[in-house]
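To start, the structure itself, in structure tokens.
The values are calculated or read from the model by the stated rules, or taken from the named source; none is laboratory data. Model, not experiment: these values are computed from the prediction. Here the Cβ positions follow ideal geometry from the backbone for every residue, glycine too, while neighbour counts run over all protein chains shown. We work out accessible area using only protein heavy atoms, side chains counted, and drop any ligands, DNA or RNA first. Shrake-Rupley method; radii C 1.70, N 1.55, O 1.52, S 1.80 Å.
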Amino acid sequence: MEVIGDLPRELFLEILLRLPAESLMRCKYVCKYWHSLITNPKFIQLHLNYNYNNNVCVLLKRCLVTCLGQKENLLSLVCGNGFSFENLDVDLSLYRKEPCLQLLGHCDGIICLSNYRDYILLCNPATRESMVLPESCLPYYPRIRNLISQTTGLGFGYDAKSHCFKVVRIVSYWEELRGSNLPHFSRAEVYSMGTDSWKEINVTVPAHVRYSPCFETYFNGAFHWYAMDDNGNEVILSFNMGNEEFQVIPMPSFISMHDHSICRSLLVWNDCIALVIYPERGIEKSFEIFVMKEYGVKESWTNVLTIGPLTRVERPLVFRKNDEILMEGSHGQMMSYNLRNKEVKDLPIYGVPKSFSTLVYVKSLVSVKGGNQMLDQRDNT
């Protein structure tokens, strides 16, 4: 049996796997052997798998107001059963002074942030690595006169076929004088970490992305947006990171979706897509939860639960566990609702109202520089 110091090699590895990513980043400078081990893609995958099974957290982005009256972004982690949380020390260009910076998605410890104009960034908060993506391959000013362009959709995820992280960007073009709510046409491009470049994909974008709070979700290898088709029907637009194709997923047909006083949020619950319907305003709010039990099948939408009516609650944020959902309070406070005992708890986490965005998150050693090729999950690591 191979021995490292006074420990068998297998026991030594088990100890390392249980260390936080931040500690391992320091440990890799102990000696050449430790550096080689900790930076090995197989070890990185094992450490990631261990954290997915044991240390899943919620990553929270919120805005705070400084003593000078300026808004600053802050990333925090909510972990454990006791709602312990820590603020992350992330040194990113534009991170603090860009109040409209959006938290787009998370995959294997890497998060994507953007201001939806000219700035898309990948970051691993645990390793403190970050990278600003190169310039888009789509022209900002279209060749057709009297058209204006805007980034309407961004998504981040992982292609399990090519073992590569990707960012998809949808750019829509409007006629300046038309005044329509729907764009004239849209184009899409994909950034691949493997090539560190963008490419336009020759596909039709079958629906037009619209804003809805807490809706953009990565699930089942695809990114999802709230959208409208050419007939004005509300749909879920998804983009598969593997085959780089769009799909339109119908909304439930047995609820009224054209009421603009109603909000729609898309979350992941019990390994399914969950649509939450709730009023935009009101002292008391009820939250209806519909679950798509068979992915992509309209008939599988099922109304499984109604939460409330609740007071002081603004909107749902994320399912932290199968029996617990985190919500934003009316005055910028995070709250927890237990689905079993129907208990509401105020959490000591505050921010500017409606500035909260959340993701289910795990810490990892995965590099945003593309230096670590993630292994196929089927590999016997």
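Amide H contacts under 5 Å for Cys107: none, restricted to partners 5 or more places along the chain or on a different chain, H placed in the peptide plane at 1.01 Å from N. Considering only Asn49, Asn115, Asn231, the mean-square fluctuation computed in a Gaussian network model of the chain, springs between alpha carbons under 10 angstrom, is largest for Asn231.
Largest to smallest in accessible area, the residues Tyr50, Tyr158 fall in the order Tyr50, Tyr158 (1.4 Å probe, all protein chains included).
Remark: for residue pairs Lys166/Lys354; Lys28/Lys166; Lys42/Lys369, the C-alpha separation exceeds 24 Å in Lys166/Lys354; Lys28/Lys166.
Sequentially through segment 349-363, phi angles give Karplus couplings (6.51, -1.76, 1.60; θ = phi - 60°) of 10, 10, x, 4, x, 6, 9, 7, 9, 9, 9, 6, 9, 10, 6 Hz, Gly and Pro residues having no value and appearing as x. Once the gyration tensor of the Cα atoms in segment 220-296 is diagonalised, the equivalent ellipsoid follows with semi-axes of 23, 16, 10 Å, ordered largest first. Computed from Cα positions, the angle between helix 41-54 and the longest principal axis of the chain comes to roughly 60 degrees.
Where the alpha-carbon atoms of the chain are placed on the principal axes, they occupy 72, 55, 51 Å, in descending order. Computed in the context of the full set of protein chains, the accessible area of segment 279-348 at 1.4 Å probe radius has 45% of its extent on carbon or sulfur. Which entries of Lys161/Lys345; Lys161/Lys298; Lys285/Lys321 show an alpha-carbon separation above 31 angstrom in the structure shown? With Cα atoms farther than 31 Å apart: Lys161/Lys345.
Ordered from largest to smallest accessible area (heavy atoms of protein chains, 1.4 Å probe), the residues Met327, Met25 come out as Met25, Met327. Taking the chain as a Gaussian network of alpha-carbon nodes connected by springs under 10 Å, the highest mean-square fluctuation of the residues Arg264, Arg340, Arg315 belongs to Arg340.
The residues His47, His331, His35, sorted by heavy-atom accessible surface at 1.4 Å with ligands and nucleic acids left out, run His331, His35, His47 from largest to smallest. With the convex hull drawn around the C-alpha atoms of segment 269-308, the volume per residue stands at 67 Å³. Computed with a 1.4 Å probe on the full set of protein chains, the accessible area for Phe156 sits at about 0 Å². Within segment 206-312, the GluC sites (Glu not before Pro) that combine a DSSP coil assignment with at most 14 other C-beta atoms in a 10 angstrom radius are Glu280, Glu294.
In sequence order, segment 233-240 has phi-based couplings of 7, 7, 9, 9, 9, 10, 10, 7 Hz under the Karplus curve 6.51 cos²θ - 1.76 cosθ + 1.60, θ = phi - 60°, and Gly or Pro positions carry x.
Can you compute log10 of I(q)/I(0) for segment 9-50 with the Debye formula, treating each Cα as one identical point scatterer, at q = 0.16, 0.31, 0.33 Å⁻¹? Calculated log10 I(q)/I(0) at the listed q: -0.33, -1.31, -1.41.
Adding -39500 (n - 2.57) for every DSSP H run of four residues or longer, then dividing by how many residues the chain holds, sets the calculated 222 nm ellipticity at -3000 deg cm²/dmol.
How many percent of Cα pairs in segment 190-334 exceed 26 Å? Result for the distance tail: 28 percent. Among Cys112, Cys57, Cys272, the largest mean-square fluctuation in a Gaussian network model of the chain (Cα springs under 10 Å) belongs to Cys272. What the chain shows is 49 Å² of accessible area per residue, with the surface traced by a 1.4 Å probe over protein heavy atoms.
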